[in-house]
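Undergrad: Below is one structure. I have some questions about it.
The values are calculated or read from the model by the stated rules, or taken from the named source; none is laboratory data. Just so you know, these numbers come straight off a predicted model, no measurement behind them. With ideal geometry, Cβ positions are generated from the backbone for all residues, glycine too; neighbour counts draw on all protein chains shown.
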Amino acid sequence: MNQTRRERARADARGNPPGVSQPEPASPAPDREHALLLMREMLRIRRFEEKCAELYSAAKIRGFLHLYIGEEAIAVGAIQALEPDDAIVATYREHGHALARGISAASIMAELYGKQEGCSRGRGGSMHIFDAATRFYGGNAIVGGGLPLAVGLALADKMTRQARVTACFFGEGAVAEGEFHESLNLAALWKLPVVFFCENNLYAMGTALKRSESETDLCLKASSYEIPAWPVDGMDVVACEDAARRALLAVRAGDGPCFVEFRTYRFRAHSMYDPQLYRTKEEVEEWKKRDPITTFETLIRAHNLFDDEDLKRLEEEVGAELAKAVEFAEAGTWEPVEELTKFVYSERVR
Amino acid sequence: MTTPAKTVRITYRDAMREAIREALQRDPRVFLMGEDVGRYGGCYAVSKGLLDEFGPERIRDTPLSESAFVGAGIGAAMGGMRPIVEIMTVNFSLLALDQIVNNAATILYMSGGQFNIPLVIRMTTGAGRQLAAQHSHSLEGWYAHIPGIRIVAPATLEDARGMLWTALEDPDPVLIFENGALYNMEGELAVDAGAVDIDKAATRRAGTDVSLITYGGSLGKALAAAAELSGAGVSAEVVDLRTLRPLDTATIIASVTRTHRAVIIDEGWRSGSLSAEISARIMEMAFYELDAPVARVCGAEVPMPYAKHLEDAAAPQPSAIVAAVRGMMAERG
């Protein structure tokens, strides 16, 4: 069959990863325990980010702060598909990924406070969350800068024959960077165990995709490197998890990278300094109707998976965890200035 | 009396290849990746033959994607490997500057000490081969500006043979700058030559009247100048920096304290340069030891020209070093 690359990408765009010819039923409801888990994780991120905005206004958090509100389904769904020894490379909008990966809210909050109890000892801040224990390789604040790192982590795994995958999150803005194209090419060329999770929230800071790309079909771009690529509704946590699981399955099979485009929307400003002149309030409100948390709530209520009491309990648990996180950050200490130059280089044993 | 060590006649290029070969043999985590390192044998033939010996897994040809393969080296280093990344020439490394400056140099610090990056990046630098303004610059001084990375410049056969292993054992990123004009340099090297330190500057010639402070491709020129000066009754000491970051300030200051005069020879441009940094440190730490202002012989501030006579004029030459010293000594009074 003489299918063009565009046609193949379009076929994939219907939601069928390679090798799957039958359409899958849309968002089957998960079981109760799993539904509770997904809801809890999304709520943890939502409430955490809301608290961050509040603490930013109170000048407890400084620097740039990029909130993940509206995009929670992606990190929660995608990271469900990862094994504990898989690696993550994320962006500067990575609180959600860090929380979903299991880095404690307390150590993240302490990091945002700049305290030495923070996961990066207060050296990184909001944009540079790192955690060796969960193989979380940052928080990278250079758009596209994390992709080559993810390729390298995957290369190490392949060369040492470890059955691990590296998940690389980035926004659609990164697609305009040379590093995106170089990295996808290298990953596909060497059939590396890396999965590219593109969070397409339609705006690279204030520049709409259609104002920055001659070809706005991101899957087509990935397909041009012979990488299986397909889009998924990034506001549907079940769909996100499902897409990620399929991608991970293919990558673990040793066939090289996959690319998943999560179509989403950021409800808040790009950062705390953004008056949002580039999009209309109506557009934002329209997307908010597809809020991943309320959408999921509707789904699980429709399936009678849990009730008001369950939701109330989840909110209470999430609230208590967050209160403890803030308390921990408040009680945290400042790294002594004498340690300013520590970790510029490793402490060498010679 | 010690028996003289057995030596072998070898070029700088072959010494570098031996270093890579030994590293590949000693540590299964080591691999070489870069443009044309495999089938082509390396742009400057440094890795010639290694593909046959170690196979394409460990001698990896990459696409022309400096940012991706340097970044992949960083990622692989974090993932437990010990990559040697080769960039054809320093000018091309600018395409990977994001990865080197924003990731390699920062991640240990930004992560609060959690992720170190045991990566070695090798690249060719310098003029002398009529390759004009996009293949001949000496930008190692730029890199020496950046905290978080270590910069070394082997100028001798011993260092070409010995610096790589030490660099690979370093827990942090090390950039090795190989001056392209040195690859054909030939001499005797001990058959048992091995790892050398990458912390200290070395005094390549002892002297009492002036310190010629240099590194890399200019070392030979400084030694030639010192020989000529010796005939004129001036005893020049030649200090080879070897490591450009962190600078071995103690050795520099000790030398200047002995000779009371310093000439810095650097193929890099003068403005905002490594030579300016060294001069400033001498001023800060040995001002009262000086019998004359510090002098510098640097590359002319032009994009490197192609024509041979212009290229020669743009780079530091022994005659200019001799002239700088003579001018300094004339003020002796």
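Undergrad: Here's a check for you: in the range A:175-196, which residue that is surrounded by fewer than 24 Cβ atoms within 10 Å (Cβ to Cβ) and of a type outside the set (S, T, N, Q) is farthest from the other protein chains (Cβ to nearest Cβ)?
TA: Filtering first and then ranking leaves A:Ala176.
Undergrad: Same structure again: For the range B:70-82, which residues satisfy the criterion of being facing chain A (nearest Cβ under 8 Å) and either in contact with a Gly (Cβ under 7 Å, 6 or more places away or on another chain) or farther than 27 Å from B:Gly268 by Cα (or both)?
TA: Correct list: B:Gly71, B:Ala72, B:Gly73, B:Ile74, B:Gly75, B:Ala76, B:Ala77, B:Met78, B:Gly79, B:Gly80, B:Met81.
Undergrad: Sticking with this one: Would you mind telling me which numbered condition in (1) touching a Ser or Thr at 6+ places or on another chain (Cβ under 9 Å); (2) within 17 Å of B:Glu35 (Cα to Cα); (3) more than 14 Å from every other protein chain (Cβ to nearest Cβ); (4) not in a helix (DSSP H, G or I) B:Asn91 fails?
TA: It fails just one condition, (4).
Undergrad: Now for a different question. Select from the range B:167-196 the residues that are over 18 Å from B:Glu86 (Cβ atoms) and within 14 Å of chain A (Cβ to nearest Cβ) and list them in ascending order.
TA: B:Glu169, B:Pro171, B:Asp172, B:Ala195, B:Val196
Undergrad: Being of a type in the set (Asp, Glu), out of contact with any Leu (no Cβ under 6 Å at 6 or more places or on another chain), part of a loop (DSSP other than H, G, I, E, B) and modelled with pLDDT of 95 or more narrows it down to one residue among A:Glu330, A:Glu335; which is it?
TA: Result of the check over A:Glu330, A:Glu335: A:Glu335.
Undergrad: Of the numbered conditions (1) within 16 Å of the chain's Cα centre (by Cα); (2) surrounded by fewer than 20 Cβ atoms within 10 Å (Cβ to Cβ); (3) farther than 18 Å from A:Cys168 by Cβ, A:Tyr265 fails exactly one; give the number of that condition.
TA: Failed condition: (2).
Undergrad: Considering only the range B:167-189, state which residues are in a strand (DSSP E or B) and over 23 Å from B:Leu119 (Cβ atoms).
TA: Correct list: B:Glu186, B:Gly187, B:Glu188, B:Leu189.
Undergrad: Restricting the range A:117-167 to residues that are within 8 Å of another protein chain (Cβ to nearest Cβ) and acidic (Asp, Glu), which is farthest from the chain's Cα centre (by Cα)?
TA: Filtering first and then ranking leaves A:Asp157.
Undergrad: Something else about it: Among residues belonging to the range B:223-269 that are more than 15 Å from B:Ile321 (Cα to Cα) and aliphatic (A, V, I, L, M), point out the one that is surrounded by the most Cβ atoms within 10 Å (Cβ to Cβ).
TA: Going through the qualifying residues, I end up with B:Leu241.
Undergrad: Further, regarding this structure: Being part of a strand (DSSP E or B), under 29 Å from A:Asp131 (Cα atoms) and either of a type in the set (S, T, N, Q) or in contact with a strand residue (DSSP E or B) (Cβ under 9 Å, 6 or more places away or on another chain) (or both) narrows it down to one residue among B:Ile121, B:Ile146; which is it?
TA: B:Ile121
Undergrad: Is it true that some residue in the range A:304-318 is touching an Asp or Glu at 6+ places or on another chain (Cβ under 7 Å) and in a loop (DSSP other than H, G, I, E, B)?
TA: Within the range A:304-318 (the criterion being touching an Asp or Glu at 6+ places or on another chain (Cβ under 7 Å) and in a loop (DSSP other than H, G, I, E, B)), the answer is no, since none of the residues qualifies.
Undergrad: Now for a separate question. Sort out which residues of the range B:97-106 are in a helix (DSSP H, G or I) and more than 7 Å from chain A (Cβ to nearest Cβ), and write them in order of number.
TA: B:Leu97, B:Ile100, B:Val101, B:Ala104
Undergrad: Please state which of the following conditions A:Ala100 fails to meet, knowing it meets all the rest: (1) in a loop (DSSP other than H, G, I, E, B); (2) more than 10 Å from chain B (Cβ to nearest Cβ).
TA: (1)
Undergrad: Now, a different point. Please find, among A:Ile142, A:Ile88, A:Ile74, the residue that is of a type outside the set (Ser, Thr, Tyr), modelled with pLDDT of 95 or more and part of a loop (DSSP other than H, G, I, E, B).
TA: Only one candidate passes the filter, namely A:Ile142.
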